[in-house]
Amino acid sequence: MKVEWNGFAEGIWTDSIDVAEFIKLNYTCYDGDASFLAGPTKRTEQLMAEVNTLLLKEQENNGVLGIDTEKVTSILSYKPGYIDKDKEIIVGLQTEAPLVRGVNPFGGMRMAIKSCEGYGMNLSKDVINQFKYRTTHNEGVFMAYNGTMRKARHAGIITGLPDAYGRGRLIGDYRRIALYGMDFLITCKKADKEEFGDRTMTEENIRIVEELSKQIGFMEQLKTLASWYGCDISRPAANAVEAVQWLYFGYLGSVKEQNGAANSIGRISTFLDIYFERDIQAGVMDESRAQEIMDDFIIKLRLVRHLRTEEYNDLFAGDPVWVTMSEAGCTAEGKSLVTKNSFRTLQTLYNLGSSCEPNITILWSQTLPQGYKDFCAQVSIDTDSIQYENDDIMRSRFTADYSIACCVSAMGTGKQMQFFGARCNMAKVLLMALNGGKDEVYGEQVAPLGDIFDADGALDYDKVMAAYDTYSEWIAALYVNTLNIIHFMHDKYAYERLTMAFHDTDPGRLMAFGISGLSVLADSLSAIKYAKVTPIKDERGLITDFTIEGEFPRFGNDDDRVDMIAKFITDDFYKKLVKTPCYRNAVHTLSILTITSNVVYGRKTGNTPDGRRAKEPFAPGGNPMHGRDINGAVASLSSVAKLDYDSCRDGISNTFSVTPHALGENKTAQVANLTSMLDGYFAQNAHHLNVNVFNRELLVDAMENPGKYPTLTVRVSGYAVNFNRLTRDKQEEVISRTFHETL
Amino acid sequence: MSNNNLNVHSIESFATLEGVGIRFALFLQGCPYRCVYCHNPDTWYGGGRGSIVTIDEVFTKMSHYKGFYKNGGGLTVTGGEPLLHASKIIELFRRVREELGLTNTIDTSCAVMPDCIDELLAYTDLVIIDLKFHNNADYDKFAKGSLDNTIAMLDKTLEKGVNVWVRTVVVPDINDTTDDMDKYINIINKYPHISKYELLGYHSMGEFKYAELGIKYALEGVEQLQPSKLKALQQYVNERRI
C-alpha cells in the first residue's frame, strides 16, 4: 500500500486501475437530509465577487472577454494563470488570465481565423504560418467527402456535423490521477504500448501504438504543467485538497489541448467524498472547509471557455462547454452512491449562485434516499440548473460506473469513448420522400431521383410510408459513411492525446447518431393517417404546402395511435443505421437530442403536413410540439416514455417547464410533487428530464430587461444556459414551449 | 348515454391543487349553477358537448400513470358539477381505490345531492366543497344556486366522517369584507371535520371563453383580487377558526 492510501480498504484496485472498485470498497453512503451543509466562507464570497465582475465584463464585451491570439493552445502554451492567487485553493486556468480564450487551429485554420475576426481580433501571422504545412481535421474531412455528402450537408438534412470543430463528448477518467498518481498511469500505458507492439501490425494495431505514444508524451507534459503550479502529481493525492486538485489538472490539461464540444468531467463527487470523509474523520477538516474546497473547484469549472465560430454558436447557443458532472446513481448491486459530497455539489448553486456550468446531472434511481431526492427537487425549483437521467435503465447497460457526456450520452467512465455525430433532420427526410429526393427549399436533387407525389388528392398513408422507408434507408447509410470519414480524419489529425490517456487502451467505441424533428414527423404521419392531408405544389412543381382537413392525434397526449408512430420512427431508423458498419467497429447509438439546433433545423425546413409552418422551430429533443400536449404533464411525459431506450442508447432528451403554482401550493408540496413526478416518469423507463420551474412572464420580462436577471438560468435541451446569452429567436422558442400551468 | 360513458370536458393528468399529491383531474361536463365568476363556462352544458370517455378508458389511463400518483395522489372528479355523474363515479372510485390503491377526491359546488351519495362517499377520501356565498340570497343572485345545498353536503360528509376542504372564491365588491369573512367562519366553525379552509382570489383569466361562447360576462371590468388583500383575508379567517 502506498502511504497516500492510508486508511483505504484494499482490493484489486491497489494493483491495477479500477476506480469503480475503489469507490465501492471505500465510500460512505449518506441517507440523511441537507441540514449538515455549510454556507460560503468569506473567502469564497470575496473570490466569487471578483469572478462575477469578470463575468459581467465578458457579457458586456459581446460574450468574449479576451482572446490570446499569439499562441496555439496546448498543455504548456501558457504560464500559470490565476484569478486572485492568494484567495485560490484549487489552481489552474486554461490561459494566463481568467476567461481569456486560447486559439485552437487543429480542427481547422479557417475556423480559428473566423472566430477571432468574429470578435474584432486578428490571429497572429506566426500562428497562421505554423499551420501552413499541416493538414487540419477540417481539411482532411473535405478531401474525402463525396458530392452527395456535401449536398446533404448544404440542404441541412444532416448538419451540425463535427467536421469543423472538435468532436468532444469524451470523458477522461481524471479520478485516476488522484488515486494512482501520473507515474503509475504512465507505467501502465508504457506496458500497454509494449504489449500492443508485440501484436501483428495491422493498420488498427499500428494506430493504437501510435496513439499510446502520443498519450504518454502528453502525460509527461501534464506533470510539468502541475509542477508550474507547485504540485507533484507524479504520486497519488494524499488528502482531499490534493485529490480535487490532481483531478482538476487532468480536466484542465484536456481542455487546454483540445476544444471538442462537451468534454465532460465525469462522475467524481462520490469518489472525492472518500477523501473528504478521511480528512474529516482524521479531524483535519470540518464541513465548512470541505464545502469551501468544492466551491473553489466549481468556480474553476465555471470559467472554462472555448473560442467558437458564429455557426457553432447558432447550433449550440449560449456558449456551453458541458462540463457535465454525473451525480448519485447506484452500484451494480443497486445500493445508493449518494454521499455528503453529492449534496455539496448541489450546494454550490446556493453558495455561488445559480449557473449553467457545470452541467449537473442527477442519475436518478427509485431507490435513492428520499433526503437526497428532496434536495434535488428543491434545487431544481430554486435554480433551474440541474437535469435528471434514469440510472435504473443505464447502469445495467453501461456498467454501474458510467458517466454522462454532454447532455444525455452515457459511457463507461474511462472504459468507453464516443464518436459524436450530430443529427439528421427527420422532418426533411419526409419532405424529400414526397418530393422524389429534391430539397423543398433549394429545389436541388439531393437524394436519389424518385416520383413526386400527386397533388390532386389526399396523401395515402401507405404510399407515403413506402417512400419514407426508401429515403430514410438512403439517408441512414449516407449518415454512417459521412461520420466514418469525420472520425477517421479526427483520429488522424486531431486526436485527443491527453483525454484519451485517461481511458483504457483500446476502449469501447460508440458512434452516436441523432435525429431531430421527431414530434414534427410523428404528427405529420399521424395527420396523413388520421386526417386528410392534400399537398400543394409551387411553381417548381415541388410540394411545399398542405391543406389539412379533420382531426388527428398529436404526440404528447398518451395516445398510442401517434405515440407508436414516434416509437416506430426511432426503432426503424436505428435498424437502418446498423446496416452500415462504423469506423473502428464502433457500436451504433442514437439520440433524440437537439441542443438548440431545433431552431436552426426548423429554419431550414419547409411547411410540414402537421400544420407547422416553414421556418418554425421544431420541438427540442424528444419533446412534443409546443402547445400540442393538452392533457397535462403526466400524459405528455408518458408519451415520451414510450420511446425505447434500447433504440436510443445515446439518450432521449425531454424538457419540462412548469409554473411554480402548477407544481404545488407551497414549497413543501412542490418538492414532494416534483420527486413523485420524477419517480413516476422514470418508473416508465423514461431516460431524461430537464426541469424548469418558472412563469412564462418572467422570461418575457427577462427578454425585455436582461439587466434585471444577470444569472437567470434555463434548461433547454440537455443543458442549461444563461437566458441572456441566447439570441432573440432562441429566447422566443423557449418562451413558446408548453408550460404546464393551471388557472 | 350508456352506463359506462362519461361526458368529459377535459383531462389534466398533472393536477396538484385539486387535493393531495399529484392527481388525475377529470373535468366532467354539465353544471346547473351559473356563477358569475366561473372560469369554466364551457363546462356548463351537458349532452352534445365535451367528448365521450368510458370508465374503462379513464381507469386504463390512470393505471398507466399510477407511478406518478403514489405520493397520496389519485383521481379528482371536478367539472362542471361532478355530482351530476355520481352513479358512474362510484364504479370508477371503487376501482381506483381497490385496484390501484390510489385516493379519490370530489371537487364540488354541491349543486345536487345524488340519491347514491352514501355509497359514493364510502369510496371518497376527500371532498373539496366550494362554499360560494354565506346566504341564500347571494347564492341565488350570483350563482343561481342555494346555500342550503352546500349545508346539506357539509352535514352529509360530517355524518359519514369524510375529510373535507372548503374553498371560497373572493370577488371584489361581492364578498371581500371582513364582515363577509365573519359569516363564512360562522358556517365553517360548525363543522369540525373541515381540515382546511382556503380563500381563492378572483381572476378574469376565463373571460375569453365567454366571448367564444357568446355569453355576456357579468363581471366585465372587475379587477382581479389583489394578492396582498387575499393574504390578509386568509390570515383573518385563519385566526378565527376553531
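Side notes on the structure shown:
- Those helices (runs of 4 or more DSSP H) lying entirely in the stretch A:665-743 with at least 2 residues within 28 Å of A:ARG649 (Cβ to Cβ) and among the hydroxyl-bearing types (Ser, Thr, Tyr): A:667-683
- Residue satisfying all of: in the stretch A:122-160; open to solvent by 10 Å² or more (accessible area, probe 1.4 Å) and among the aliphatic types (A, V, I, L, M); nearest to A:CYS406 (Cα to Cα) among these: A:MET149
- If you go through the stretch A:458-472 and pick out every residue that is crowded, with 20+ Cβ neighbours inside 10 Å and farther than 13 Å from A:PRO448 by Cα, you end up with 2.
- Residues considered: A:THR580, A:THR547, A:THR608, A:THR589. Of these, the only one that is on the phi < 0 side of the Ramachandran plot, of a type in the set (Ser, Thr, Tyr) and touching a Lys or Arg at 6+ places or on another chain (Cβ under 7 Å) is A:THR589.
- All helices (runs of 4 or more DSSP H) inside the stretch A:59-164 with 2 or more residues being of a type in the set (Val, Ile, Thr): A:125-130
- Enumeration of residues in the stretch B:1-21 that are within 16 Å of the chain's Cα centre (by Cα), in a loop (DSSP other than H, G, I, E, B) and at the interface with another protein chain (Cβ under 7 Å from one of its Cβ atoms): B:THR16, B:LEU17
- Residue in the stretch A:606-614 that is more than 22 Å from A:ASP462 (Cβ to Cβ) and in contact with a helix residue (DSSP H, G or I) (Cβ under 8 Å, 6 or more places away or on another chain) present: yes
- Note on the stretch B:191-206: residues that are open to solvent by less than 40 Å² (accessible area, probe 1.4 Å) and either facing chain A (nearest Cβ under 10 Å) or part of a loop (DSSP other than H, G, I, E, B) (or both) amount to 6.
- Selection of first residues in the stretch A:577-588 that are closer than 21 Å to A:LYS492 by Cβ and open to solvent by less than 20 Å² (accessible area, probe 1.4 Å) and of second residues that are aromatic (Phe, Trp, Tyr) and not in a helix (DSSP H, G or I), restricted to Cβ pairs under 9 Å at least 6 apart or on distinct chains, gives the following pairs, ordered by first then second residue: A:CYS582/A:PHE419; A:ALA586/A:PHE419.
- Flag for A:ASN666 being without any contact (Cβ under 8 Å) to a residue 40 or more places away in the chain, open to solvent by less than 10 Å² (accessible area, probe 1.4 Å) and more than 8 Å from chain B (Cβ to nearest Cβ): no
- Considering (1) over 19 Å from the mean Cα position of the chain (by Cα); (2) on the phi < 0 side of the Ramachandran plot, the lone condition that B:ILE187 does not fulfil carries the number (1).
For (1) at pLDDT 95 or above; (2) more than 10 Å from every other protein chain (Cβ to nearest Cβ), each residue gets a yes or a no:
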{"site": "B:ARG23", "(1), (2)": "yes, no"}
{"site": "B:VAL36", "(1), (2)": "no, yes"}
{"site": "B:ASN40", "(1), (2)": "no, no"}
{"site": "B:GLY50", "(1), (2)": "no, yes"}
{"site": "B:MET62", "(1), (2)": "yes, no"}
{"site": "B:LYS70", "(1), (2)": "no, no"}
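- Selection from the stretch A:350-374 of residues that are part of a helix (DSSP H, G or I) and open to solvent by less than 10 Å² (accessible area, probe 1.4 Å): A:TYR372, A:LYS373
- Within the stretch A:190-208, the set of residues being of a type in the set (Lys, Arg) and under 23 Å from A:PHE488 (Cβ atoms) comprises A:LYS193, A:ARG199, A:ARG207.
- Odd one out for B:LYS209, checked against (1) loosely packed, with under 14 Cβ neighbours inside 10 Å; (2) part of a helix (DSSP H, G or I): (1)
- Subset tally (residues that are at pLDDT 95 or above, within 14 Å of chain B (Cβ to nearest Cβ) and not in a helix (DSSP H, G or I)) for the stretch A:597-647: 2
- Members of the stretch A:499-541 found to be open to solvent by 10 Å² or more (accessible area, probe 1.4 Å), of a type in the set (Val, Ile, Thr) and not in a strand (DSSP E or B), listed by number: A:THR505
- Subset of the stretch B:61-101 that is touching a Ser or Thr at 6+ places or on another chain (Cβ under 9 Å), farther than 27 Å from B:CYS31 by Cβ and not basic (Lys, Arg) - its residue that is least open to solvent (accessible area, probe 1.4 Å): B:PHE68
- So B:VAL58, is it open to solvent by 20 Å² or more (accessible area, probe 1.4 Å), touching a residue at least 24 places away in the same chain (Cβ under 8 Å) and within 14 Å of chain A (Cβ to nearest Cβ): no
- Criterion (touching a Leu at 6+ places or on another chain (Cβ under 7 Å) and among the acidic types (Asp, Glu)) met by exactly one of A:GLU287, A:GLU277, A:GLU311, A:GLU257: A:GLU257
The values are calculated or read from the model by the stated rules, or taken from the named source; none is laboratory data. Every value quoted in this text rests on a predicted model; they were computed, and no experiment measured them. All Cβ positions, glycine included, derive from the backbone under ideal geometry; neighbour counts span all protein chains shown. Ligands, DNA and RNA are excluded from the accessible area calculation, which covers all protein heavy atoms including side chains. Shrake-Rupley method; radii C 1.70, N 1.55, O 1.52, S 1.80 Å.
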